[in-house]
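Below is one structure, written out as structure tokens; comments come after it.
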Ligand code: MG
């Protein structure tokens, strides 16, 4: 069934969405929005406007939007660590940074084996405090979203960084352009998007699913979990039931853990990333090209 707001492909989708919810346009005016992250304590959301080299802030208490940081080293994806600190992927400085409680910025990691990263794209923090991030080349391909440069690593991997030990290791090395990533609620699985079709004709536009080893630090498997049916998957998040809410070319697509495309939320612009937020974590915030959208859903984000 299809309405102006939803396409329902599986009956389970009707229990995850609200028939009487509206799509809210919270703000527009960016060149390319990315990296939403919700701060429950402050009741605000930050996100990136990458080409404009700024981070924006939406205040849940009054709906106002302001510039959070400018310039910001062309940040892309963000997340919040277990201590409530902002962790950011930065294109221009080619690093993963952390904003401390006093507001200062710490570069956590910007190279491996002496080689600079390409342009960290998206990031998640595991419950053990380790930081997992993707490193495609979008921020060094041109000057539009960072500074054009050659890749020093000459490949695009996904890394695990342990801030307690200062150790960084590649956890997967067979992606074309790794992009969004997220753990299942129990952290037994890690999903990673490959947007390789941006650089390779007929290249990947799928999500892969890995099994996290019993050591909590290595991956196995990596089978294709879902191939995008409209554009490509960029950033995504999971709800408490393990359903995947992912960006796509025509909106937000929702997959069950068994790989079934349950349905879509139609968004009038290409979606780059999403996150759950609000005091109940039952509102999906959607970064889509020039705008920030939101919609209440009938589930909660797992983190
Ligand atoms: Mg991305």
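The values are calculated or read from the model by the stated rules, or taken from the named source; none is laboratory data. Model, not experiment: these values are computed from the prediction. A quick note on method: Cβ atoms are made from the backbone with ideal geometry, for glycine too, and the neighbour counts reach across all protein chains shown.
Working only within the range 194-233, note down all residues that are under 23 Å from residue 161 (Cβ atoms) and touching a residue at least 60 places away in the same chain (Cβ under 8 Å). If the condition is that a residue be under 23 Å from residue 161 (Cβ atoms) and touching a residue at least 60 places away in the same chain (Cβ under 8 Å), then 216, 217 are the ones that fit. Is the range 214-234 home to any residue that is closer than 28 Å to residue 28 by Cβ and not in a loop (DSSP other than H, G, I, E, B)? No.
Okay, residues lined up against (1) within 19 Å of residue 6 (Cα to Cα); (2) modelled with pLDDT of 95 or more; (3) within 16 Å of the ligand (Cβ to nearest atom):
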position: 162; (1), (2), (3): no, yes, no
position: 197; (1), (2), (3): no, yes, yes
position: 205; (1), (2), (3): no, yes, yes
position: 225; (1), (2), (3): no, yes, no
position: 236; (1), (2), (3): yes, yes, yes
position: 248; (1), (2), (3): yes, yes, yes
position: 261; (1), (2), (3): yes, yes, no
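Looking across 53, 74, 121, one residue alone is closer than 28 Å to residue 187 by Cα and either in contact (Cβ under 8 Å) with a residue 24 or more places away in the chain or buried (at least 19 other Cβ atoms within 10 Å of the Cβ) (or both). It is 121.
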